[in-house]
1. What does the highest-first list of 200-208, 293-301, 368-376, 414-422 look like by mean Cβ count within 10 Å?
2. Along the charge dipole of the chain, pointing to its positive end and built from +1/-1 on Cβ of Lys, Arg, Asp and Glu, which listed residue (S262, G377, T50) has its Cα farthest out?
3. Report in % the part of the accessible area of the chain that belongs to carbon and sulfur, leaving out ligands and nucleic acids; probe 1.4 Å.
4. Calculate the dipole size of the chain relative to its Cα centre from +1 charges on Lys and Arg beta carbons and -1 charges on Asp and Glu beta carbons; express the result in debye to the nearest 20.
5. For the stretch 88-157, give the magnitude of the charge dipole about the Cα centre (Cβ charges: +1 Lys/Arg, -1 Asp/Glu; no others), in debye to the nearest 20.
6. If you count only protein heavy atoms with a 1.4 Å probe, what accessible area per residue comes out for the stretch 75-203, rounded to a whole Å²?
7. Using 7 Å Cα-to-Cβ label points, what is the W392/T412 separation (nm, one decimal)?
8. Just the accessible area for D411, please: 1.4 Å probe, Å², rounded to the nearest 10?
Amino acid sequence: MQTSQQTDWIKPPFSLPQTLENFIDGQHQPALKAQTLDLYHPASGRQYGTLPESTAADVQFAVEAAQRAFPAWAALTAQARSAAMLRLADVMEANLELLAQAESFDNGKPVHVARTVDIPRAISNIRFFATAILHTSQEAHDSGNGVLNYTLRQPLGVVACISPWNLPLYLFTWKIAPALAAGNTVVGKPSEITPLTAYLFSGLCREAGLPPGVLNILHGSGASVGTPLVGHPQIKAVSFTGGTATGARIASIAAPQFKKMSLELGGKNPTLVFADCDFDTTVKEVARAAFSNQGQICLCGSRILVERPIYERFREAFVARVASLKVGDPQHADTAIGALVSKAHQEKVLSYIELAHAEGGNLLCGGEVLQPEGLEGGYFVSPAVFEGLDPWCRSNQEEIFGPVVTLFPFDTDDEAIHYANSTQYGLAASVWTSNLGRAHRVARELESGIVWINCWMLRDLRTPFGGVKSSGVGREGGWEALRFFTEPKNVCIQF
Ligand code: NAD
């Protein structure tokens, strides 16, 4: 642990817990082996606390608690589960500012982003599935001749929900909410890099009176606790969001055990800008799509394809817009770009900036390590725009997941589609045009789970969310998520 002097130096505007604990059977407790990992404040680079480095022994303990809680939770009426979840959402709402401050502190994102995007969405996730479950129905098939089939959708049992660091509480609750609403009990594992809001959330679950064991939260690294969680024989399904390589490792453990899996993985998303777009809005929104959350959203558009007649005009306006984005203290209201999440991630982003140079890219702006006053140890990188890179070079093919984008021109719709589809990924794309026919045609041709037309990251929680190719398997959101977390059973009666 660090000295209190260092923690004082950081001065978070909330009461900062320095020793996080697991949440098992409604109780906070350290990892059984008492090992810990260090926690860092990305805006200053200072260590501020520790989290448990849980192991297979903690997994066993948490799974047993979830198994004990399952029969009673699954037997509740949908109305009763819904009411319990709505109480939890209300308690979260009452703590919105605390959660927003903690998310910004732990992740490096501007606090106004956590306050207006991350935490409201985390609350909406709980409310959405708490109410969706009241509107589900199960199918019946009248087969004629006195035969009736109906389908029961039953909860699976104990499920694992594993989430990444970029939208910590937002993505954690996106998985937990449908799992709980459908009657499962959960062992959740947030990212070890940003566990703070999941820890605070566990306290709120207790405050809201969620029955012990219904939701258990284990902290620690993927290797130490994620792997045994995925492989535990009593875990019936794994809902995972994170990197493609991690998803492949998880699938290699879960698939031979025939577990259900929902894998939301990486992206290298194309943004297609046509000459007939609404120019000013497009420049502004494409910059937002590129650099929101420091470019650390799986949906960020990092390959910006621009139709040649407007290429130079777009480049000039886009670079001016990006250069005007203020990089700095996540606490400041006018900060557009906060700190990257970790030293290791900052190094990864900088190595890709070096690679883009080596591959012949021309840096139009940004790409520098910044040291805002008072935050000299923080992980800040100014948003970088490159041009002149071949669509098939590594900088245009590999996920950077940071504030680095490339611009390149195209001449025809087919060429734009060809470039857009040229990576192993297929998560999200955006298309900017005033020609509706073209918009629909291009949307059909893009190999992508999500296509936004003249907008970006407009989310309706009822829609299927997920990617194709190496961006994932399965869909989250709405009925898709409730179907994932239930097992259909056909009952056939002759009467
Ligand atoms: P990551 O894959 O390193 O880690 C994600 C989670 O998996 C963490 O909780 C981690 O501890 C855990 N984990 C790691 N190894 C594991 C293992 N062997 N078994 C079980 N769990 C394990 O990803 P990250 O660096 O936290 O997040 C960034 C990645 O997430 C990017 O690739 C990004 O595109 C992706 N992402 C995808 C979506 C989506 O919806 N498709 C959303 C957000 C982020």
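The values are calculated or read from the model by the stated rules, or taken from the named source; none is laboratory data. Since we're looking at a predicted model, the values are computed, not measured. Backbone-built Cβ (ideal geometry, glycine too); neighbour counts: all protein chains shown. We work out accessible area using only protein heavy atoms, side chains counted, and drop any ligands, DNA or RNA first. Shrake-Rupley method; radii C 1.70, N 1.55, O 1.52, S 1.80 Å.
1. Working: 200-208: 19.6, 293-301: 25.7, 368-376: 14.2, 414-422: 17.9.
Ranking the peptides 200-208, 293-301, 368-376, 414-422 by packing returns 293-301, 200-208, 414-422, 368-376.
2. The listed residue farthest towards the positive side: S262.
3. For the chain, the apolar C and S fraction of the accessible surface comes to 53 percent.
4. Charge dipole of the chain: 1280 debye, to the nearest 20.
5. For the stretch 88-157, the charge dipole is close to 80 debye.
6. 30 Å²
7. 1.8 nm
8. Here the accessible area works out near 80 Å².
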